[in-house]
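The values are calculated or read from the model by the stated rules, or taken from the named source; none is laboratory data. The model shown is predicted, which means the values in this text are computed figures rather than measured ones. Counting neighbours? That spans all protein chains shown, and the Cβs are built from the backbone with ideal geometry, glycine included.
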There are 2 protein chains.
Amino acid sequence: MTNYRNLPKAEAESLYSSLMTKYQEYLSKELSLDLSRGKPNADQLDASAEMLTMPLSRDMCIVNGNDYRNYGILDGIKEAKQLFSDLLGLKAENIVVCGNSSLQLMYDSIARAMIFGNCDSPRPWCFEEGRKWICVVPGYDRHFKITEEMGFELVSVKMTPAGPDMDEVERLVKDPKVKGIWCVPKYSNPTGNTYSEEVVRRLASMECAAPDFRIMWDNAYAIHDFGREGDELVDIFAEAEKYGNQDRVLYFSSTSKVTFPGGGVAIVAASPRNVADIKRRMGTQTIGYDKINQLRHVLYFKNSERVKEHMQVMGAKIKGKFEIALKALSELNGLEIAEWTEPRGGYFISLDMLVGKATRVFELMKRAGVALTQVGATFPYGKDPDDKNLRLAPTYPTDKDLALACEILVLSVKLAALEAIIAQ
Amino acid sequence: MTNYRNLPKAEAESLYSSLMTKYQEYLSKELSLDLSRGKPNADQLDASAEMLTMPLSRDMCIVNGNDYRNYGILDGIKEAKQLFSDLLGLKAENIVVCGNSSLQLMYDSIARAMIFGNCDSPRPWCFEEGRKWICVVPGYDRHFKITEEMGFELVSVKMTPAGPDMDEVERLVKDPKVKGIWCVPKYSNPTGNTYSEEVVRRLASMECAAPDFRIMWDNAYAIHDFGREGDELVDIFAEAEKYGNQDRVLYFSSTSKVTFPGGGVAIVAASPRNVADIKRRMGTQTIGYDKINQLRHVLYFKNSERVKEHMQVMGAKIKGKFEIALKALSELNGLEIAEWTEPRGGYFISLDMLVGKATRVFELMKRAGVALTQVGATFPYGKDPDDKNLRLAPTYPTDKDLALACEILVLSVKLAALEAIIAQ
């Protein structure tokens, strides 16, 4: 492939013209394709079909004298705690099993800290003037939105292949106004990388000026490897305990991308002090979460090995999608107009283009009928300072639609790059 | 029956002695009975058994092209909105169908107002010094606890047979620091009465100094009549609209006591302005609630008529429990040492004894092995200023246990009253 950056202007113009002709052909097709949503497709959902056809009899719902159809058991059923414990390597007694949404648990954790403070807070966060929050970029828009809405100044820290730029994080947390950091430590959204042992250790051991600093450890893709060889993430609780910082970590996960998004089970895991604090506040908010759905998950999977087998099936399905997208992107190899990640799990590919060209690519795609995640969504306040990043979500479309959408994407990236080169 | 208050002291002493002998006999039985919990018993839960054995196939989950197993639809599935609309006489577009807990929706409404204010607030409630909240007493401890924890001063207003003492409520809401009121308008917890048309109209029309005043309208027992002849509750939205106060009302309900407590579906209903505000904030908190469980409820019941038939079955079961309790209490008729309510629906009986005697009755019951709801639970801060009210929850025990527990209750009420009379 020719490096576009070295193309003589005339050649660039001629190439642009021929690619534009090809692009025009797509326009006439009136397509409606979607690479925007980190959603499983129906085929993935079908893999859990029997969970919904499996009958739950009265007797199955009464376990050791506890009728899971009735009120009670604020922190979730014992059997679900054990399943998540086996699956994620967490202590069962440190897990609170909740409802259908881990995002809600994160929001509620911060909302509670806003109103009451957490168990280490000198005062409620709503009274902390100039409060700040660290956002690793590119990152997950829904995380950023929570802390934005709660009135935090969002401070960006760059993602490196090993995780957040820890020199910068360590510098920032010396400011007592910095109250926390959002992390998707495994197969990060959207970069797909996993935090290294060193990064996890530095997060666990760093000196934070705020006594109530919290790491929001959203392990959404904990078991979402594409194959048997997945990334390994170090146990942050074990690291934090070494430094006496175990109260710093709030760990979240869910089965949203194991069984059903919106119909799954979410957990929060934390140190005994944090769990006591969470349960005390949660006990005012609710009598308890949906134990029947917790039980449904337990009875369907039976044990953690079965969940892992299920995730092998899911991983293979998703891997196929990623291969289609990455094959299309390989057309850009050597052109020096784009870089992208090739994750071993998770849901996203992060695509960096030439500075200032993400918006243009988004527009070209939109005109051709392909929806992409909004430009800037992966940055605080929805603004990508370099206007160069796009998040690709390959799981939802059919294989055929995905291939076509990626073809148009590659074409759009080339067109946008050539426009920049011609304009120079 | 002899009015205890007219008993000569010697007769009172002799009666006390014989009743105490009877009480001692119960002590030797080492009973373990429970009148404390407003929980359905297993027999009620079994009435919805088929909802859990009914299979949900893939095709059933895909409705008009929407795959309810996947992400999306923040405000709940259309079919569930329609079901609640038909059932409760609310406009479908004013309903947000959520998760398993209406208490959580109430908590979240107030938590959001604390952090952001509601759509009429000049500032977030956390910055409102000396904020106050009206609690109708006796009332529901979990309501009171929410506003207590959120830092409101709880102001008690007496319940009358027609609802809250509205003269007092109208006086209180002239204070701009008074931000809201908790209401269980039908079969109120624990008094079992229903707000009259006049009370609803006065709540809807009263002049509130706080522009962001909210009526938390917890219609938990909307369809929980014991028979065909239930109490009628006036539509508060229709009343409020007449006075332009429709933004004042947040309406909550759930199927916790229709299908499964903790496994049901909860709603919030409100004016279009409030619904827009709720959805905007909720959209940051969650991607959506459990649509599969919403669908399960819709497919199981099919329509509102079937829900009503189901509630007739449930009502008959609960009526049986109330009859056992009320028959036992009738032993106290004419003694002038207790008053109690005889509701036509709901879950509770409110028992008033002689002033200062609730704690003594609670203790006598506890020693005899019968758990009651904590004395004072029905009042703000858990303190009954007259120490005379107890909440009885007759639904959970078996008929036999209930009869026995009520026998001991009647005996304990008599003993406590005689102690007061003897001590005079």
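Mind checking whether some residue in segment B:226-234 is aromatic (Phe, Trp, Tyr), within 12 Å of chain A (Cβ to nearest Cβ) and buried (at least 22 other Cβ atoms within 10 Å of the Cβ)?
No: segment B:226-234 contains no residue that is aromatic (Phe, Trp, Tyr), within 12 Å of chain A (Cβ to nearest Cβ) and buried (at least 22 other Cβ atoms within 10 Å of the Cβ).
Would you confirm whether or not segment A:127-146 contains a residue that is in contact (Cβ under 8 Å) with a residue 60 or more places away in the chain and either at positive phi or among the polar types (S, T, N, Q) (or both)?
So far as segment A:127-146 goes, no, none of its residues is in contact (Cβ under 8 Å) with a residue 60 or more places away in the chain and either at positive phi or among the polar types (S, T, N, Q) (or both).
Looking only at segment A:83-93, decide whether some residue is over 21 Å from A:Phe362 (Cα atoms), modelled with pLDDT of 95 or more, in contact with a strand residue (DSSP E or B) (Cβ under 9 Å, 6 or more places away or on another chain) and surrounded by fewer than 17 Cβ atoms within 10 Å (Cβ to Cβ).
Yes, segment A:83-93 has at least one match.
Could you tell me which numbered condition B:Gly264 fails, if it satisfies all but one of (1) surrounded by fewer than 20 Cβ atoms within 10 Å (Cβ to Cβ); (2) under 19 Å from B:Met314 (Cα atoms)?
Here B:Gly264 clears every test but (1).
Looking at B:Thr2 and the list (1) more than 9 Å from chain A (Cβ to nearest Cβ); (2) crowded, with 16+ Cβ neighbours inside 10 Å, which single condition is not satisfied?
So B:Thr2 meets the others, but not (2).
Kindly indicate the residue of segment B:281-340 that is over 20 Å from B:Glu407 (Cβ atoms) and free of Cβ contacts under 8 Å to residues at least 24 places away in the same chain and also nearest to the other protein chains (Cβ to nearest Cβ) among those meeting that condition.
Among those residues, the one meeting the criterion is B:Thr284.
So is A:Glu331 touching a helix residue (DSSP H, G or I) at 6+ places or on another chain (Cβ under 9 Å) and closer than 27 Å to A:Leu87 by Cβ or not?
Criteria not met by A:Glu331.
Could you pull out the residue among A:Ser14, A:Ser36 that is of a type in the set (Ser, Thr, Tyr) and at pLDDT 95 or above?
A:Ser14
So, in segment A:100-122, of the ones that are within 20 Å of B:Phe127 (Cα to Cα) and either touching a Gly at 6+ places or on another chain (Cβ under 6 Å) or within 9 Å of chain B (Cβ to nearest Cβ) (or both), which residue ends up surrounded by the most Cβ atoms within 10 Å (Cβ to Cβ)?
Here the residue is A:Ala111.
Regarding A:Tyr243, is this residue more than 22 Å from the chain's Cα centre (by Cα), surrounded by fewer than 19 Cβ atoms within 10 Å (Cβ to Cβ), aromatic (Phe, Trp, Tyr) and within 14 Å of another protein chain (Cβ to nearest Cβ)?
No: the conditions fail for A:Tyr243.
Does segment B:255-280 hold any residues that are in a helix (DSSP H, G or I) and touching a residue at least 60 places away in the same chain (Cβ under 8 Å), and which are they?
Hits for segment B:255-280 are B:Pro272, B:Arg273, B:Asn274, B:Val275, B:Ala276, B:Asp277, B:Ile278, B:Lys279.
Any chance you could count how many residues in segment A:324-344 are at negative phi and surrounded by 15 or more Cβ atoms within 10 Å (Cβ to Cβ)?
14
Matching residues to (1) assigned to a helix (DSSP H, G or I); (2) without any contact (Cβ under 8 Å) to a residue 40 or more places away in the chain:
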residue: A:Gly356; (1), (2): no, no
residue: A:Val361; (1), (2): yes, no
residue: A:Met365; (1), (2): yes, no
residue: A:Tyr381; (1), (2): yes, no
residue: A:Asp384; (1), (2): no, no
residue: A:Asp387; (1), (2): no, yes
residue: A:Thr395; (1), (2): no, no
residue: A:Lys400; (1), (2): yes, yes
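For segment B:30-66, how many residues meet the condition of being among the hydroxyl-bearing types (Ser, Thr, Tyr), touching a residue at least 24 places away in the same chain (Cβ under 8 Å), surrounded by fewer than 14 Cβ atoms within 10 Å (Cβ to Cβ) and within 28 Å of B:Glu309 (Cα to Cα)?
Summing the residues that are among the hydroxyl-bearing types (Ser, Thr, Tyr), touching a residue at least 24 places away in the same chain (Cβ under 8 Å), surrounded by fewer than 14 Cβ atoms within 10 Å (Cβ to Cβ) and within 28 Å of B:Glu309 (Cα to Cα) in segment B:30-66 gives 0.
Within segment B:304-353, which residues are modelled with pLDDT of 95 or more and polar (S, T, N, Q)?
Once the filter is applied, which keeps residues that are modelled with pLDDT of 95 or more and polar (S, T, N, Q), segment B:304-353 yields B:Ser304, B:Gln312, B:Ser330, B:Asn333, B:Ser350.
Could you list, in sequence order, the residues of segment B:157-200 that are surrounded by 20 or more Cβ atoms within 10 Å (Cβ to Cβ), of a type in the set (Ser, Thr, Tyr) and out of contact with any Leu (no Cβ under 8 Å at 6 or more places or on another chain)?
Answer for segment B:157-200, where residues must be surrounded by 20 or more Cβ atoms within 10 Å (Cβ to Cβ), of a type in the set (Ser, Thr, Tyr) and out of contact with any Leu (no Cβ under 8 Å at 6 or more places or on another chain): B:Tyr187, B:Ser188, B:Thr191.
Could you tell me whether B:Ala204 is farther than 18 Å from B:Lys383 by Cβ and either of a type in the set (Phe, Trp, Tyr) or not in a loop (DSSP other than H, G, I, E, B) (or both)? Talk me through it step by step, then tell me what you get.
Values: farther than 18 Å from B:Lys383 by Cβ: yes; either of a type in the set (Phe, Trp, Tyr) or not in a loop (DSSP other than H, G, I, E, B) (or both): yes.
Against the criterion (farther than 18 Å from B:Lys383 by Cβ and either of a type in the set (Phe, Trp, Tyr) or not in a loop (DSSP other than H, G, I, E, B) (or both)), B:Ala204 qualifies.
Report, ordered by the first and then the second residue, all pairs with beta carbons closer than 6 Å, sequence separation of six or more or different chains, a first member in segment B:228-251 that is on the phi > 0 side of the Ramachandran plot, and a second member that is of a type in the set (Phe, Trp, Tyr) and loosely packed, with under 13 Cβ neighbours inside 10 Å.
none
Regarding segment B:81-95, can at least one residue be identified that is of a type in the set (Lys, Arg), at the interface with chain A (Cβ under 10 Å from one of its Cβ atoms) and outside any loop (DSSP other than H, G, I, E, B)?
To start, the set of residues in segment B:81-95 that are of a type in the set (Lys, Arg) comprises B:81, B:91.
Those still in the list that are at the interface with chain A (Cβ under 10 Å from one of its Cβ atoms) too: none.
No, the conditions are met nowhere in segment B:81-95.
Just give me the residues in segment A:123-149 being part of a loop (DSSP other than H, G, I, E, B), under 20 Å from the mean Cα position of the chain (by Cα) and within 14 Å of chain B (Cβ to nearest Cβ), in sequence order.
If the condition is that a residue be part of a loop (DSSP other than H, G, I, E, B), under 20 Å from the mean Cα position of the chain (by Cα) and within 14 Å of chain B (Cβ to nearest Cβ), then A:Tyr140 is the only one that fits.
Among the aliphatic types (A, V, I, L, M), surrounded by 17 or more Cβ atoms within 10 Å (Cβ to Cβ) and either over 26 Å from A:Tyr221 (Cα atoms) or modelled with pLDDT of 95 or more (or both): does that describe A:Leu27?
Criteria not met by A:Leu27.
Regarding A:Leu415, is this residue buried (at least 21 other Cβ atoms within 10 Å of the Cβ), not in a loop (DSSP other than H, G, I, E, B) and not β-branched (Val, Ile, Thr)?
no
Anything in segment B:164-195 that is farther than 18 Å from B:Arg248 by Cα and outside any helix (DSSP H, G or I)? List them, or say none.
Selection gives B:Asp165, B:Lys186, B:Tyr187, B:Ser188, B:Asn189, B:Pro190, B:Thr191, B:Gly192, B:Asn193, B:Thr194.
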